[in-house]
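Below: one structure, written as structure tokens.
The values are calculated or read from the model by the stated rules, or taken from the named source; none is laboratory data. For clarity, every value in this text was computed on a predicted model and none was experimentally measured. Ideal geometry is used to build each Cβ from the backbone, glycine not excepted, and the neighbour counts take in all protein chains shown.
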Amino acid sequence: IEEDMVDGFPYEVPEEYRNLPLLKGRAAVDMKVKIKDNPNLEECVFHIVLDGYNAPVTAGNFVDLVERHFYDGMEIQRGNKSDI
């Protein structure tokens, strides 16, 4: 519903960032994660909503990396087990 309320992209991205991957809107990514440390669960799927309205450069960079399979096979990097 919120997306239907937005008529086009609400602002201009500064010139210095226009050559970077941008997401002008929202996107969703389903990320399948294999679980190594839990014998009761093999994998789970995270449904991630990317908000390009509020973070067009960050969201665009993430989409670009996903499309280039950057995260495929990568282990989740964390400080400690309670972070995830």
Step by step: first the residues of segment 1-49, then only those that are farther than 24 Å from VAL66 by Cβ and among the hydrophobic types (A, V, I, L, M, F, W, C), then the one that is modelled with the lowest pLDDT. Which residue is that? ILE1
In segment 38-54, which residues are free of Cβ contacts under 8 Å to residues at least 12 places away in the same chain and not in a strand (DSSP E or B)? ASN38, PRO39, ASN40, LEU41, GLU42, ASN54
All but one of (1) at pLDDT below 85; (2) surrounded by 10 or more Cβ atoms within 10 Å (Cβ to Cβ); (3) aromatic (Phe, Trp, Tyr) hold for TYR53, so report the exception by its number. (1)
VAL66 being among the β-branched types (Val, Ile, Thr), out of contact with any His (no Cβ under 8 Å at 6 or more places or on another chain) and either exposed (fewer than 12 other Cβ atoms within 10 Å of the Cβ) or without any contact (Cβ under 8 Å) to a residue 24 or more places away in the chain (or both): no
Could you grab me the full set of residues in segment 4-19 that are part of a loop (DSSP other than H, G, I, E, B) and either surrounded by 13 or more Cβ atoms within 10 Å (Cβ to Cβ) or free of Cβ contacts under 8 Å to residues at least 12 places away in the same chain (or both)? ASP7, GLY8, PHE9, TYR11, GLU12, VAL13, PRO14, ARG18, ASN19
Quick check on HIS69: is it of a type outside the set (Gly, Ala, Ser) and at positive phi? yes
Residues located in segment 62-79, provided they are part of a loop (DSSP other than H, G, I, E, B) and closer than 16 Å to VAL33 by Cα: HIS69, PHE70, TYR71, ASP72, GLY73, MET74, GLU75, ILE76, GLN77, ARG78
